[in-house]
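Asker: This is the structure, below, for whatever I ask next.
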Amino acid sequence: MENIVIPAINLAVIAPEVILSLFALALLLINVFVKSESKAYLGYLSIGGIIVSLFSAVSGWGCPAEAFSGTVVQDNFAIFFKVVFLISAAMSILITDKYLERENCNHGEIYPLILFSTVGMMFMASGTDMMTIFLGLELLSVSLYVLAGFNRNSIKSNESGLKYFLLGSFSTGFLVYGMALTYGATGTTKLAKIASYVAQTGMNSSNLLLLVGMLMMATGFAFKIAAAPFHMWTPDVYEGAPTPVTAFMSVGPKAAGFAAFLRVFIVALPALKPEWTWLLWGLAVLTMTVGNITALYQQNIKRMLAYSSIAHAGYVLVGFTAGNAVGTAGILFYMLSYAFMNIGAFAIIILVGKKGEENNNVSDYAGFGYKHPMLGVAMCIFLFSLAGIPPAAGFIGKFYLFSGAIQAGYIWLAVIGVLNSAASVYYYLRVMVFMYFKDPTEEFSWVKLTPAFALCLIIAVAGVMIPGVLPGVFLELAQKALFM
Amino acid sequence: MNEVILSLMTFLPLAGVILLLFIPSGNHTLLRGFTLAVTVVTFIVSIPLVTGFVTNAEYQFVQSVPWIHAGPFKMNYKVGIDGISLWLVMLTTFIMPIAVLSTWTAVTEKVKGYMACLLLLQVGMLGAFISLDLFLFYIFWEVMLIPMYFIIGIWGGKNRIYAAVKFFIYTMVGSLLMLVALIALYFKGLNAGMTDFSLVNFFGLNLDPATQTWMFLAFALAFAIKVPMFPLHTWLPDAHTEAPTAGSVILAAVLLKMGTYGYVRFAIPLFPDAMDRFTPLIATLSVIGVIYASLVAMVQEDVKKLVAYSSVAHLGFVMLGVFALNQMGLQGGMLQMLNHGVSTGALFLIVGFIYERRHTRLITDFGGLAKQMPIFATIFMIVTFSSIGLPGTNGFVGEFLVLLGAFESKLRWYTIIASSGVILSAVYMLWMFQRVMFGKLDNPKNQKLEDLNGREIAIMLPLVFLIFFMGFNPTPFTKTMAPALDKVIAMSRKAPAPAPQAIQMMPQGAIPEGMPQQSQPVEMPQGHPAMPTGKPAGHP
């Protein structure tokens, strides 16, 4: 009888996840036992947990390690993404408390939920086995379903949660089916082993099982990153969800989706690269175009940013299609800068909004830039960065993504990308048109900048401008984080 | 010291913006005075560029600092000027204090933001002119859009939102396609052994004709929109008409030059072969631009719109001269760029003066102003003559050189048609002048008009001085430009790559970077008449 060998359990590799989970569990208990009207302290505690987790994650930079028989790794790629997740979680938490108070649903559970979903994302980035990735995705998704419907007094939020749940579980079905088919074709769930098995047996796209498995996994991931034509849930969910959750959802889970998407396809399925490259090419073009064109017509700023986030997924897919070091480094850099600019923009949206998700139309921003000059300038910085205009980080990110495509020879993809980018300028400018070119109709007296918001905005502005003007260090880090 | 002059000059206004934030918004006089001081100091800082300039074809005052080194990309903060950019930089630093002075009473709301935008605009413009790294150039080129967008959109006229958005998106489309071409060019260069985005490296590339065609089209589109060339000019009348006076002045004097500068600096030397093939197209569009814009200008009822269309016509001349690609044509084109900056800038100021007094710009609302405002009339007349190109004014020298140069090139027939634009310009300008300044002073509102005050005269005097100075003595300008322009001509006659498959570095690209003496000694093409001064024979 064979001895059962217990695999080496290397907890240090998953220390960031463990720390964050422990904090989340502790917060759940604290929330029950501490009677307090204000829940802000939970937010600060969770930010403390995020900072500890961040240090733990960063300390592994440059020291590759694996745990649980190679189902989880600690590599620079995972660490880079973990930093993005943790930053986006921390920034979203900074803007949560005030929003919940205003909307009369100040329940402390939101913070542990955000932490749990972050743990899920971290496992998606560090998982090297389809099972780990799937578990991470489930942890993320289930927490997000609750978060989207968190404002239970609001019909829209309920609708958002339910819609996200239905479509999300549907898409998870696709993903897990794809994984099952891939397992059927190759007999393993480990990404590296899939690749070596495929290489050994000389399998290619003529193996229907593997091809369909790849297509279904692509569908599942495309759902998670909100790529057209699987984007239908995005605007409704983003609009209905509580705004801090929307900010979080548009950045963290999207980045996590890309992290897993990249790792599964590049590590496990290089043999099918010709097939999935064209698939991604089509997805990228469709996603950019659908996102941008639909965004042009939006009146509600949350919906507009929802479509814009679809378009941004399209830009990132351009870098993915390129499949080279520049394009992939571009994805990493872009996700980092996108976290800052998008959460920054959503922070302003929360400040301008009123109770009951009122005042969220673009026209409600008339003259805002004059009543709150500093906030106006900050919003302009975020919008210019989203539009990809130098010297903001968004420009460098797009530059890298499109450079990757051009280097790989996809000139037309880059041309379609920049034309889309030019079209997107229109709807970002429209917000500024209202902010500065129209006379104020309101005093915006309810807009009060709390220290937490101020901190979030300062981080966001710095995160947009510093990598924008001096991108060298950040690009170098992104380059070092590649596993290819 | 020489190394940092350019950076100092470029970023002084940026420092000004930061200090501006600490001045209380209510104190308009201090805000204006401070901005004026910043622009004047910037101008003073830029003077050593002229005095220290050595007349040769090399880049001078070069400063190179490593900036982005990541993956395959290597961008440096590399700045420097040669004869081509020297005068455009000087034009920018010179026109800025004038623009700021012109806002003294014109802009009374949101003064702080306006001044900040003007200063930021100056940073972008100067940066674009001095960049010797193509990536750096692109950054500054884009950065310029933002303050101009706000200047038009916030302080503009009735239709300002439409004009501002149109301006932004038009320029954006062109420049993004240029960005794609730029990246593609960089990767091609990388394969050929190039190491960074430095402009001289790109000059060393020997591209095959097909590549050149695509790249040229992308670059040319971006620049053509900025010039603007017919039929891409439609944003300009809107932007000009809606922009506040200072915005129009800067737009006309400097921003439009970005397009023509782009052709001389980048499109022509980089893609000589494609340029050769597209010359007929560009010449045709330029000629259409001259004639069409002149005809449209003639029927305008709004003085400002008339001046805006005259801009399109003038820049058509500039393009014709540039694409003649001989010494006279190019020098004329460059000189005409400066002339247009001075005279059209002055025209927009003049329009601003009467608009401030009467809040209308319709020609029919005026008449007989000469009696009421003699000083104004005199200055207006001088500027009008300069715009038409009367001998003795700067406009004449530029236009004459352009026509002469283009006539001697293969663009002879285009020149013959375009020269009718000279007559047309006299028609629309003089007709407008006559209707505004002469005739009966019958409108009671016009009878109370006050003549120019001291500040306004102080604004106009330097421009009037330049009109005559450049008219009688263009040699200092043409002489300093000549070597750099000769180099452009030499590069434009570079033979295309013999074999389409391989791109190789020409030996001149292998010279170590950061050295100011990297350019080859310019050899005049054989058989070309030596023209050291560019001053036409028989000119005073």
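Asker: Excluding B:VAL322 itself, what net charge comes from residues whose Cβ is under 12 Å from its Cβ, given Lys and Arg +1 and Asp and Glu -1? Kindly include the intermediate steps, with their values, before the conclusion.
Answerer: Working: positive: B:LYS257, B:ARG265; negative: none.
That sum, taken over residues with Cβ under 12 Å, equals +2.
Asker: While we're on this one: List every residue whose amide H lies under 5 Å from the amide H of A:ASN361, counting only residues 5 or more places away in sequence or on a different chain, with H placed 1.01 Å from N in the peptide plane.
Answerer: A:ILE301
Asker: For the range A:334-474, what is the number of Lys pairs with C-alpha distance below 26 angstrom, counting only pairs 8 or more positions apart or on separate chains?
Answerer: Lysine pairs meeting the criterion: 9.
Asker: Compute the helix-to-body angle for B:420-437: its Cα long axis versus the longest principal axis of chain B, expressed 0 to 90° and rounded to tens.
Answerer: Result, in degrees: 30.
Asker: Still on this model: Where nothing but the Cβ of Lys and Arg (+1) and of Asp and Glu (-1) is charged, how large is the charge dipole of chain B around its Cα centre, in debye to the nearest 20?
Answerer: On the way: 31 positive and 25 negative charges, 177 e Å.
About 840 debye.
Asker: Here's something else I'd like to know. Given 25 °C and 0.890 mPa s, how large is the Stokes-Einstein diffusion coefficient of the protein assembly as shown in µm²/s, with Rh as the Kirkwood radius over Cα pairs? Each step should come with its number before you reach the end.
Answerer: On the way: Rh = 30.4 Å.
The Stokes-Einstein estimate is 81 µm²/s.
Asker: If you line up the long axis of helix B:327-358 against the longest principal axis of chain B, both from Cα atoms, how many degrees apart are they, to the nearest 10?
Answerer: 30
Asker: For A:THR441 paired with B:LYS445, estimate the spin-label separation in nm (one decimal), with each label point 7 Å from Cα along the Cα-to-Cβ line.
Answerer: 3.0
Asker: Right, here's the next one. Could you name the lysines whose alpha carbon sits less than 16 Å from that of A:LYS224, not counting residues in the same chain fewer than 8 places away?
Answerer: A:LYS163, A:LYS254
Asker: Sort A:GLU357, B:GLU356, A:GLU37 so that the residue with the fewest other Cβ atoms within 10 Å of its own Cβ comes first and the one with the most comes last. Don't jump to the answer; show the numbers that get you there.
Answerer: Working: A:GLU357 21, B:GLU356 14, A:GLU37 7.
With the sparsest Cβ surroundings first, the list reads A:GLU37, B:GLU356, A:GLU357.
Asker: Then there is this: With each label point set 7 Å from Cα along the Cα-Cβ vector, what nm distance links A:VAL58 and A:TRP412?
Answerer: Computed distance between label sites A:VAL58 and A:TRP412 equals 4.5 nm.
Asker: Return the equivalent ellipsoid semi-axes of the range B:276-498 as a descending list in whole Å, where each equals the square root of 5 times an eigenvalue of the C-alpha gyration tensor.
Answerer: On the way: eigenvalues 256, 70, 29 Å².
After scaling each eigenvalue by five and taking roots: 36, 19, 12 Å.
Asker: Additional query: Please list, in order along the range B:39-44, the HN-Hα scalar couplings obtained from phi with the Karplus expression 6.51 cos²θ - 1.76 cosθ + 1.60 (θ = phi - 60°), rounded to whole Hz, x for Gly and Pro.
Answerer: Whole-Hz 3J(HN,Hα) from phi for the range B:39-44: 5, 5, 4, 4, 4, 4.
Asker: For B:GLN60, what residues show an amide H to amide H distance below 5 Å, using hydrogens built from the backbone and excluding near sequence neighbours?
Answerer: It is B:ILE81, B:ASP82, by chain and number.
Asker: Continuing with the same structure: Whole-Hz ³J(HN,Hα) for each residue in the range A:400-414, computed from phi via Karplus 6.51 cos²θ - 1.76 cosθ + 1.60 with θ = phi - 60°, x for glycine and proline: what do you get?
Answerer: After applying 6.51 cos²θ - 1.76 cosθ + 1.60, I find 5, 4, 5, 4, x, 4, 5, 4, 7, x, 8, 4, 5, 4, 5 Hz.
Asker: Something else now. Answer rounded, prolate or oblate for the range B:287-361, using the Cα gyration tensor with square roots of eigenvalues a ≥ b ≥ c: rounded when a/c is under 1.5, else prolate when a/b is larger than b/c, else oblate.
Answerer: Details: a/c = 6.06, a/b = 1.84, b/c = 3.30.
Since a/c reaches 1.5 but b/c is at least a/b, the shape of the range B:287-361 is classed as oblate.
Asker: To test your reading of the geometry: what angle, between 0 and 90 degrees and rounded to tens, separates the Cα axis of helix A:15-33 from the longest principal axis of chain A?
Answerer: For helix A:15-33, the angle is close to 50 degrees.
Asker: Where a Cα-Cα gap under 12 Å defines reach, which aspartates and glutamates qualify for B:LYS158, not counting those fewer than 8 residues away within the same chain?
Answerer: Cross-link targets: B:ASP238, B:GLU242.
Asker: Which far-off residues, 5 or more places away or on another chain, put their amide H under 5 Å from the one on A:GLU66, with H placed in the peptide plane?
Answerer: Under 5 Å from the amide H of A:GLU66: A:GLN74.
Asker: If you don't mind, another one. At 222 nm, what value in deg cm²/dmol follows for the protein assembly as shown if DSSP H runs of at least 4 each add -39500 (n - 2.57) and the sum is divided by all its residues, to the nearest 500? Write out the running numbers ahead of the final one.
Answerer: Numbers: 42 runs with 703 residues, N = 1024.
Taking each H run of at least 4 residues, the total per residue is -23000 deg cm²/dmol.
Asker: Sticking with this one: If you put +1 on each Lys and Arg Cβ and -1 on each Asp and Glu Cβ, how big is the dipole of chain A around its Cα centre, in Debye rounded to 20?
Answerer: Working: 24 positive and 22 negative charges, 69 e Å.
Here chain A has a charge dipole of around 320 debye.
Asker: Pop the C-beta distance of A:GLN200 and B:TYR162 into the FRET formula with R0 = 51 Å and round what comes out to the nearest 0.05. Let's see the in-between values first.
Answerer: Numbers: r = 64 Å, r/R0 = 1.25.
My answer for the efficiency is 0.20.
Asker: Turning to a different aspect of this structure: If you plug each phi of the range B:257-271 into the Karplus form 6.51 cos²θ - 1.76 cosθ + 1.60 with θ = phi - 60°, what whole-Hz ³J(HN,Hα) values come out, in order, with x for Gly and Pro?
Answerer: So the Karplus estimates, Gly and Pro as x, are 5, 4, x, 5, 4, x, 5, 5, 7, 10, 4, 6, x, 6, 10 Hz.
Asker: Classify the range A:359-484 as rounded, prolate or oblate from the Cα gyration tensor: take a ≥ b ≥ c as the square roots of its eigenvalues, call it rounded if a/c is under 1.5, otherwise prolate when a/b beats b/c and oblate if not.
Answerer: On the way: a/c = 3.49, a/b = 1.66, b/c = 2.10.
Taking the square roots of the gyration eigenvalues as a ≥ b ≥ c, the range A:359-484 is oblate.
Asker: Can you compute the modelled spin-label distance between B:ALA210 and B:LYS371, with each label point 7 Å from Cα toward Cβ, in nm?
Answerer: My value for the distance between the label points is 7.2 nm.
All of the numbers you see were taken from the coordinates with simple rules; none came from a lab. All values reported here derive from a predicted model rather than from experimental measurement. Cβ: placed from backbone, ideal geometry, glycine included. Neighbour counts: every protein chain shown.
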